[in-house]
Amino acid sequence: MLDWQGILETQLQREPPELSIEEAVEIYSNAQLNELMFVAMQRRRSQVPGNLVTYLIDRNINYTNVCTINCHFCSFYRSPGHNESYTQTVDQISQRIDELESLGGTRILMQGGVNPSLPIEWYIELLEELSQRHPNISLDCFSPIEIEGISEVSGLSTLEVLSKFRDSGMHGLPGGGAEMLVDNVRSGISPRKGSSENWLRVMSEAQSLGLTTSATNVFGFGENYYDRVEHMSKIRSLQEKTISDGNPGFTSFISWPVMLENNAFGKIGRRRNSTGLGAGAVEYLRHVAVSRIFMNNIPHIQASWPTMGLEVAQIALSAGADDIGSTMMEENVVSASGTTKTMASVAELKNTILESGFVPAQRDSDYNILQVFEVALSELEI
């Protein structure tokens, strides 16, 4: 019989054993939150020694809202031909990067919808132009489902698409669109998005090309704890394979609960008086702690302030997270579903970290430390 206390005790060993899915479900379901967070912090100190908590100065750019995937939980997309649809020009995107550079930013995270009207040449020209105009900005762009869509339009394989994009200046492939890598859950919320195997394959191809990658997880669709840990297990397994192949793996794992306010998924849930959708602060903290303990080969765990708020993200720094994300500057996808805070100043992020008892450090997209700020709270301007 599984015992959450015994499982947590094993994780305090100098070289703790890798947890099984069943063991992770046990501590997720039954462990006392304070003990779960304590063990997660010990694992964090082992994987990421020291007292630094990192943040990134970047900007989210949603270059198009045209999409044919129609995920039930997405309020951002517009169908082709919709009067609210848009696709930004190179100059519009470049202007946003100019604004980022004026604030000392180092990266853009550029994603959109699956837009069948855009040929691969449009993307290649965009990447080449942006990399020439902004050589000091890391271009972390698109998502696996966008790469699949571009592959279908171009007739090239996803690996060929990624190779062309890398050669055109793309620095990384963010792990958006993972949601839940459990197909019976995935098909219910995003029936057109494709299988979990497709997402994992495209991310693996990106890693084989040396592109920087991250892994994500949206939860709260009514799935159970086993489903959530199975999602983590698939990412952990890919990480193990990637590292054994000598390729760079996922830099980080970022999770957040689904937003329910302004989308079809939330409306259906309210109409049916469904319970168990979304997640509150305590459940989110449990999720962060379990991800740190279970995913022993992913170095960085990020706290999500856009969905949970800076206060809960601050607590997550004591639940195993070692990164508080980025300034973002703008965000249009999650905010369309109900979150209200879509950007944070550098001062806000520093203050949040300092108040948690950690030392703020600016990083780049690859988690290289750019600057450490050891200042007193009284010296920080808000």
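The values are calculated or read from the model by the stated rules, or taken from the named source; none is laboratory data. Here the structure is a predicted model, which means the values were calculated and not measured. Quick reminder, even Gly has a Cβ in these numbers, built from the backbone with ideal geometry, and neighbours come from all protein chains shown.
Given the criterion out of contact with any Leu (no Cβ under 9 Å at 6 or more places or on another chain), of a type outside the set (S, T, N, Q) and at pLDDT 95 or above, identify the matching residue among L370, L354. Give the steps one after another, and end with the answer.
Values: L354 fails: out of contact with any Leu (no Cβ under 9 Å at 6 or more places or on another chain).
After applying the criteria, what remains is L370.
Of all the numbered requirements in (1) modelled with pLDDT under 95; (2) buried (at least 20 other Cβ atoms within 10 Å of the Cβ), P360 misses one, and that requirement is (1). Select from region 93-103 the residues that are over 12 Å from M329 (Cα atoms) and touching a strand residue (DSSP E or B) at 6+ places or on another chain (Cβ under 9 Å) and list them in ascending order. Within region 93-103, just I93 meets the criteria.
Does E84 count as outside any helix (DSSP H, G or I), modelled with pLDDT of 95 or more and among the acidic types (D, E)? Taking the combined requirement at face value, the residue does not satisfy it.
Take the residues of region 171-213 that are among the polar types (S, T, N, Q) and closer than 23 Å to T106 by Cβ: which is surrounded by the most Cβ atoms within 10 Å (Cβ to Cβ)?
Taking region 171-213 as the starting set, the residues that turn out to be among the polar types (S, T, N, Q) are 184, 187, 190, 195-196, 198, 204, 207-208, 212-213.
The next check asks that each one be closer than 23 Å to T106 by Cβ; those that pass are 207, 212-213.
Working: Q207: 23, T212: 22, T213: 26.
Only one residue fits best here, namely T213.
Kindly evaluate S157 against the criterion of being closer than 25 Å to M259 by Cα, surrounded by fewer than 23 Cβ atoms within 10 Å (Cβ to Cβ), of a type in the set (G, A, S) and touching a Ser or Thr at 6+ places or on another chain (Cβ under 9 Å). No; evaluated as a whole, the condition is false for this residue.
When you go through I97, I108 one by one, which is the residue that is touching a residue at least 12 places away in the same chain (Cβ under 8 Å) and either of a type in the set (G, A, S) or in a helix (DSSP H, G or I) (or both)? Lay out the reasoning, then the answer.
Numbers: I108 fails: either of a type in the set (G, A, S) or in a helix (DSSP H, G or I) (or both).
Every option except I97 fails the conditions.
For region 130-176, the set of residues classified as among the hydrophobic types (A, V, I, L, M, F, W, C) and within 20 Å of the chain's Cα centre (by Cα) consists of I137, L139, C141, F142, I145, I147, L162, M170, L173, listed by residue number.
Any chance region 33-44 includes a residue that's free of Cβ contacts under 8 Å to residues at least 24 places away in the same chain, among the polar types (S, T, N, Q) and within 25 Å of L310 (Cβ to Cβ)? Working first, answer last.
To start, the set of residues in region 33-44 that are free of Cβ contacts under 8 Å to residues at least 24 places away in the same chain comprises 34, 38.
Among the residues that remain, those that are also among the polar types (S, T, N, Q) are: 34.
Filter once more, keeping what is within 25 Å of L310 (Cβ to Cβ): 34.
Yes, some residue in region 33-44 is free of Cβ contacts under 8 Å to residues at least 24 places away in the same chain, among the polar types (S, T, N, Q) and within 25 Å of L310 (Cβ to Cβ).
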